[in-house]
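The values are calculated or read from the model by the stated rules, or taken from the named source; none is laboratory data. Note that the coordinates shown come from a computational prediction; the quantities given were computed from them, not determined experimentally. Using ideal geometry, Cβ is built from the backbone for each residue, glycine included, and neighbour counts are taken over all protein chains shown. To get the accessible areas, we keep the full protein, side chains included, count just its heavy atoms, and leave off ligands, DNA and RNA. Shrake-Rupley method; radii C 1.70, N 1.55, O 1.52, S 1.80 Å.
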Amino acid sequence: MIEDDLRAAFARHEPLIPPTGPLRAAIDRLTIRRRRRRRRWQAGGVALALLGVLGIGVPLLTPERGGRPPVAELLYETTRPVPTGALNILLLGLDGDGPEATRADAVLLVHIPADRSRPYLVSLPRDLGVSIPGHGTDKLNAAFPAGVGSTRPEMTKGYELTRRTVVELTGVRVDAGLVLTYRAVSALTDAVGGVQVCLKDRVRSVHTPRVFPAGCQRLDGAASVDLLRQRYGLPAGSQDRDRNARLFAAGLVRQATDQGVLTDPVRLTRLLTTVGPDLVASPDRAAILDLLRIAPTLRSVEPVGLGLPVALPSARDRSLRADPTFVPEFLKALREDRLGEWAARHPTLVDQAR
């Protein structure tokens, strides 16, 4: 009896049931969109991770204020054309963490040539004497604190003044940039399982009991930060520190590639989420998106390390001076996108250790 009543009730209400066709079509459309989004993410994994590990665009993957979706979701939705010329990214490494970190003691210009052959890591010495717009002549690392200010410190202003200084020094356009703290470097290193660095000379830390022997060794996050801080006691002082920074950056990219982080969306997302809060990006988000989109076109992710040639300082020199023999030719090669040719002519000025 109850079963018959239930059948009768279902029969009476059957006309009220909405048609399933539109609902099934909506589900199918949602499934297709999710599959496309997943394919875009997998295809863009190398692009996001390559420049992310180099320090570019990581904070752009965190949600913006106002609940906007991560920029990663928008990466392949843009109608902007993919850049075709040479690109330059400015990376600034701060000596410390938090508000007290106002010295950009590592200044690295990442040059991506128009032929997309491979990235070039160009160190600009922190002690190089330069003209700082609106602040006279001083060491390069003085540009960041001059821009940050003392009353209401702002990292982006420190980056902007340093960018203007670098543009005036080199004559090249800076397309995007980023500021890294020691905490960000340590997190990146640990997230990829450590970084192998091959040192030409033994380095003894003046901050901890650590001793870094000459040769190749794998460093965790804390040890990497310790090494990057060292300049006292090194044969060439801050120039050796710059060289170690280039070796570390190249090793970081190499390790991320070897560990498969660049092609694993899950590990990549975890990496970017971990490091993102400790980074400050340049304000031109569109330019960084462009950089992310060209990364898959690179024929090699193995960086070439170069340092701006400097002359030996005299006893009266407070700052380093650009080497008049090499720098004009070097900067011309940078401006004309011929760093590969310059490196081939001056192999002794190229980082050799891996």
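Details
- The residues of the range 189-218 that are more than 20 Å from Gly305 (Cα to Cα) and in a helix (DSSP H, G or I), listed by number, are Asp190, Ala191.
- In the range 87-125, the residues that are of a type in the set (Asp, Glu) and either modelled with pLDDT of 85 or more or touching a Gly at 6+ places or on another chain (Cβ under 8 Å) (or both): Asp105, Asp115
- Qualifying residue in the range 223-234 (condition: more than 19 Å from Leu124 (Cβ to Cβ), buried (at least 18 other Cβ atoms within 10 Å of the Cβ), at pLDDT 80 or above and of a type in the set (Gly, Ala, Ser)): yes
- Contacts under 6 angstrom Cβ, first residue in the range 251-269 being farther than 20 Å from Arg299 by Cβ, partner outside any helix (DSSP H, G or I) and at pLDDT below 80, 6 or more apart: none
- The range 113-163: number of residues that are outside any helix (DSSP H, G or I) and of a type in the set (S, T, N, Q): 6
- Figure legend. Inter-residue proximity from the range 290-312: first residues assigned to a loop (DSSP other than H, G, I, E, B) and of a type in the set (S, T, N, Q), second residues open to solvent by 20 Å² or more (accessible area, probe 1.4 Å) and modelled with pLDDT of 85 or more, beta-carbon distance below 6 Å, spacing 6+ or different chains. Indicated pairs: Ser300/Arg118.
- The sole residue among Lys139, Lys157 that is among the charged types (D, E, K, R) and modelled with pLDDT of 90 or more is Lys139.
- Only one entry in Val166, Val174 is in a helix (DSSP H, G or I), touching a strand residue (DSSP E or B) at 6+ places or on another chain (Cβ under 9 Å) and either hydrophobic (A, V, I, L, M, F, W, C) or surrounded by fewer than 20 Cβ atoms within 10 Å (Cβ to Cβ) (or both), namely Val166.
- Residues in the range 298-343 that are open to solvent by 80 Å² or more (accessible area, probe 1.4 Å) and small (Gly, Ala, Ser): Ala315 only.
- Residue within the range 144-157 that is within 23 Å of Ala322 (Cβ to Cβ) and surrounded by fewer than 22 Cβ atoms within 10 Å (Cβ to Cβ) present: yes
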